[in-house]
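None of the figures in this text is laboratory data; all of them are computed from the coordinates on show. On a predicted model such as this, the values are computed, not experimentally measured, just so you know. Cβ atoms come from the backbone with ideal geometry, glycine included; neighbour counts cover every protein chain shown.
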Amino acid sequence: MLPLTPKPGGSSLLTRALIGGLACCLSLVLGPRSGVAAQEGPPLVVDADQVVYDDATQTVEATGNVSLSYRGIRIKADFTHIELREERAEARGHVVAVDSTGRELRGDALVYNARDQIIELTQAEVIVNGVYIKSDHIEASPGLIVARESTLTTCDPAHPLYRVTASSLDVIPGNRAVVNGATLWVGRYRIISLPTLIVSLRDPKATAGSFPSVGYTSIDGLYFAYRFAFFVGAPLAYVSTSLGTLAQRAEVGLELERPLGSLPLSLTAAGSAGWHHESGLKIETTRLQYDVGLKTSTIQFGPQTDWQTTWKWTDASHLAGDATLTLGRNVLRVYPPTSSAPPPPPLAIDFINPEDLIDELRLEYAKTGMRGDAIATTFKAGAFYDYLPNTLSTNTTSVTVTYGERLPNRFHWELQPEYNLDKHFVTMITDTGIALGTHVYFTVQAKYETATPRFEDLDYIVTAQIRDCFELSIKYRQVRQELWIALGISPTPVWQTQYPSSRPNHVNCES
């Protein structure tokens with residue numbers, strides 16, 4: 001590659017270079033200049049077949065296999081035009097952009113406003129938290145994506161078993177997608193139209209729960225479940241139903257998040273009321289539930305490390321990033337307390353092993369990384385104090401160390417020894433899985449008590465992907481003799497159009 005140095009006061013400069021008579025590649029590296037507005041952030045780096053730099057107008061044009069890095073994003077395209085004074089970039093032709101969060105967007109044409117970190121794409125497509133979105137126009141910033149007429153699916157975009165069309169949508173990555181004027185299609189058949197459909201993006205399980213599912217459990221029998229969410233002013237309201245051959249449930253609730261003035265805190269609150277009926281145990285009752293909490297703003301420590309803390313009565317702390325430190329209290333209880341004596345508990349879903357209840361204060365350090373180029377590693381170390389009695393002691397203090405590795409679609413394993421400082425015994429917790437072919441995965445999860453000695457839990461799980469769109473899960477809990485079968489959405493889309501991910505090794509050109 002040949003560096004290109006602008007001539008002060010000169011007109012546009014066009015340079016072609018011949019390397020070894022076989023291939024050419026021209027690169028331009030521009031740092032901040034006095035009087036130029038691009039003062040923060042990295043310099044502009046352009047790599048292309050041909051580059052034109054005009055020093056008088058402070059513009060750069062690049063043509064042919066363009067690859068550039070500019071003010072927090074990376075762009076690949078056939079042609080780009082950059083205005084350094086305006087801090088604006090335009091790109092056309094097979095555009096692939098990777099923004100400051102690492103999210104990849106694709107389209108025919110792009111406009112990037114570096115000052116506001118806003119990307120506009122036409123004929124665009126993006127995958128956000130396992131949901132594929134295609135739209136004629138997308139506007140993306142680090143915390144929000146807005147699209148016009150769109151199609152979204154969690155299936156293979158080329159041949160989706162189902163899709164949702166929308167008149168417009170707003171996406172908050174990691175939180176939710178609000179789909180306006182939504183229509184659900186299965187194949188070419190329209191199933192239902194809704195004024196608003198809200199899809200959770202918090203995790204794959206929550207995303208799947210935004211769509212109907214069917215399955216079997218020992219409590220519900222064969223069931224059909226759906227959670228429909230919508231806005232009532234600022235709060236998010238939802239109606240959740242589960243209709244089974246052995247049990248039926250219905251629940252309505254509200255979720256609210258509000259900033260606390262100028263403080264870097266937000267108040268979170270939720271409340272729900274539900275009805276439950278079980279024909280087997282002849283139980284019919286209602287339940288009220290609530291939770292309140294606080295959430296801090298995200299604090300960025302580096303490109304791969306950030307800090308965000310939430311406190312809730314049911315979920316004490318959540319931090320995201322490459323390295324995290326968590327201090328929080330986790331509580332999961334049933335009121336009135338679960339009891340094996342008659343009368344039966346209010347809900348059969350609350351009739352659980354007392355050892356499954358949670359009331360603990362936990363301090364944990366976690367770090368994720370890579371071993372080699374493909375294997376993801378996880379290391380955790382922590383201590384916790386358990387306020388609930390169990391079969392071996394009243395209140396316990398334990399320390400844990402966890403290490404695991406995962407190669408997607410191949411295998412994973414995790415080992416967690418937990419040492420009780422009061423009674424001096426070790427509990428071994430393992431989670432191991434292996435792929436059985438391309439679309440089937442087998443997992444064994446075990447919790448072994450060395451003091452008893454016995455297995456507290458021993459679960460076998462088989463998951464199967466159906467046309468890269470649905471997931472069939474069969475879980476057998478040997479110790480508890482329970483069988484769980486579920487069929488739901490599997491948010492694992494892949495790119496419909498495969499653009500080149502890197503520049504070719506050489507570019508033929510003329511002298």
message: Largest first, please: the extent of the C-alpha atoms of the range 374-448 along each principal axis, to the nearest Å.
response: 47, 22, 17
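Take peptides 219-228, 175-184, 373-382 and line them up by average Cβ neighbours within 10 Å, highest first, as a rough protection proxy. Please list the in-between numbers first.
Numbers: 219-228: 17.2, 175-184: 19.4, 373-382: 13.7.
Packing proxy ranking, top to bottom: 175-184, 219-228, 373-382.
Where a ≥ b ≥ c are the square roots of the eigenvalues of the C-alpha gyration tensor, would you call the range 180-266 rounded, which needs a/c under 1.5, or, failing that, prolate if a/b is larger than b/c, or oblate? Let's see the in-between values first.
Working: a/c = 2.37, a/b = 1.48, b/c = 1.60.
Because a/c hits 1.5 or more and a/b fails to exceed b/c, the range 180-266 counts as oblate.
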task: Pop a pseudo-label 7 angstrom from the Cα along the beta-carbon direction at both Arg92 and Ser279 and give the gap in nm to one decimal.
output: 6.6 nm
- request: Calculate the spin-label point distance for Asp116 paired with Tyr403, positioning each point 7 Å from the Cα along the beta-carbon direction, and give it in nanometres.
  value: 5.0 nm
task: Starting from the Cα of Val444, step 7 Å along the direction of its Cβ; do the same at Lys367; then give the gap between the two resulting points in nm.
output: 3.1 nm
- prompt: How far, in nm, would the chain grow between Ala237 and Ala435 when pulled straight, counting 0.36 nm per residue and subtracting the alpha carbon separation?
  reply: 67.4 nm
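Please give the net charge around Pro160, taking every other residue with its beta carbon less than 12 angstrom from that of Pro160, where Lys and Arg add +1 and Asp and Glu add -1.
Numbers: positive: Lys134, Arg163, Arg188, Arg467; negative: Asp156, Asp468.
With Lys, Arg at +1 and Asp, Glu at -1, the net is +2.
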- request: Positive end of the charge dipole of the range 163-262 (Lys, Arg +1 and Asp, Glu -1 on Cβ, about the Cα centre): tell me which of Gly253, Ile219, Ser193 has its Cα farthest that way.
  value: Ser193
field: Computed E for Val462/Tyr290 - FRET, C-beta separation, R0 45 angstrom, nearest 0.05
entry: 0.75
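Roughly how many debye, to the nearest 20, is the charge dipole of the range 210-299 about its Cα centre, given +1 on each Lys and Arg Cβ, -1 on each Asp and Glu Cβ, and no other charges?
Numbers: 6 positive and 7 negative charges, 19 e Å.
With Lys and Arg at +1 and Asp and Glu at -1, about 100 debye.
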query: Can you give the extra length, in nm with one decimal, that the chain gains between Thr245 and Ser168 once fully stretched, where that is 0.36 nm per residue apart less the Cα-Cα distance?
result: 23.9 nm
- request: Calculate the dipole size of the range 135-195 relative to its Cα centre from +1 charges on Lys and Arg beta carbons and -1 charges on Asp and Glu beta carbons; express the result in debye to the nearest 20.
  value: 240 debye
- request: Please get the size of the charge dipole for the range 414-491, origin at its Cα centre, with Cβ charges of +1 on Lys and Arg and -1 on Asp and Glu, quoted in debye to the nearest 20.
  value: 200 debye
statement: So for the range 112-248, using the alpha carbon gyration tensor with a ≥ b ≥ c as root eigenvalues (a/c under 1.5 gives rounded; past that, a/b versus b/c decides prolate or oblate), I'd call it prolate
